[in-house]
Amino acid sequence: MTQIQFNNALLGLQDKLHYYALSLTSDQERANDLLQETFLKALTYRDKFTQNTNFKAWIYTIMKNTFINDYRRNVKTKNTFDGSNSDFYLHFSKDKIYPAPDSFFSSKEITKSIRALEDEYRIPFTMFLDGYKYKEIAEKLNLPLGTVKSRIFFTRKKLEKSLSEYANS
């Protein structure tokens, strides 16, 4: 295939490649960039194309691989810039929620309030907090299911009352 035949075949696929790029990126500008990069790679590596093979498949493969490589590169290098000069913010994701300093104090107060409860309320409630289901708690403590549910309910109410100052903060 001569240079002219190659260029004509490449330009003949331009519209179809553009639609394919749009389907990959879902963005007009990124699709244009992907198309341009695909053309550049095709022209650069023209000598790698094997005669009597599917030219269209070769070009589509270049575009698909370029898109995948760009996507992977963007995921790896994704940083959060907040506009400040501090590098501190680059290392912490904004998606994560970090506890406020006063929450440690609240946690200690909650634990203290739970420990102050009578055993008949504290034990089922702590088991519930540890992930036990109502039925499992009832079986382990040899109590009716309704009793376990009501004790956990009343424990919540007692804690809500004793910790009301934190709920209003």
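Odds and ends about this structure:
- Within segment 50-75, the residues that satisfy the criterion of being more than 28 Å from the chain's Cα centre (by Cα) and within 17 Å of GLN14 (Cβ to Cβ) are PHE55, LYS56, ALA57, TRP58, ILE59, TYR60, THR61, ILE62.
- Selection count where residues are aliphatic (A, V, I, L, M), without any contact (Cβ under 8 Å) to a residue 24 or more places away in the chain and either surrounded by 12 or more Cβ atoms within 10 Å (Cβ to Cβ) or not assigned by TED's automatic domain parsing to the domain that holds ASN52 (or both), scope segment 5-18: 0
- Answer residue from segment 19-31, given it is of a type in the set (Ser, Thr, Tyr) and under 28 Å from MET1 (Cα atoms) and is surrounded by the fewest Cβ atoms within 10 Å (Cβ to Cβ) among those: TYR19
- Considering the conditions (1) in contact with a Phe, Trp or Tyr (Cβ under 7 Å, 6 or more places away or on another chain); (2) surrounded by fewer than 17 Cβ atoms within 10 Å (Cβ to Cβ), LEU34 is excluded by exactly one of them, (2).
- All positions within segment 130-147 that are touching a residue at least 12 places away in the same chain (Cβ under 8 Å) and under 21 Å from ILE110 (Cβ atoms): ILE137
The values are calculated or read from the model by the stated rules, or taken from the named source; none is laboratory data. Computed from a predicted structure; not experimentally measured. We place every Cβ from the backbone using ideal geometry, glycine too, and count neighbours over all the protein chains shown.
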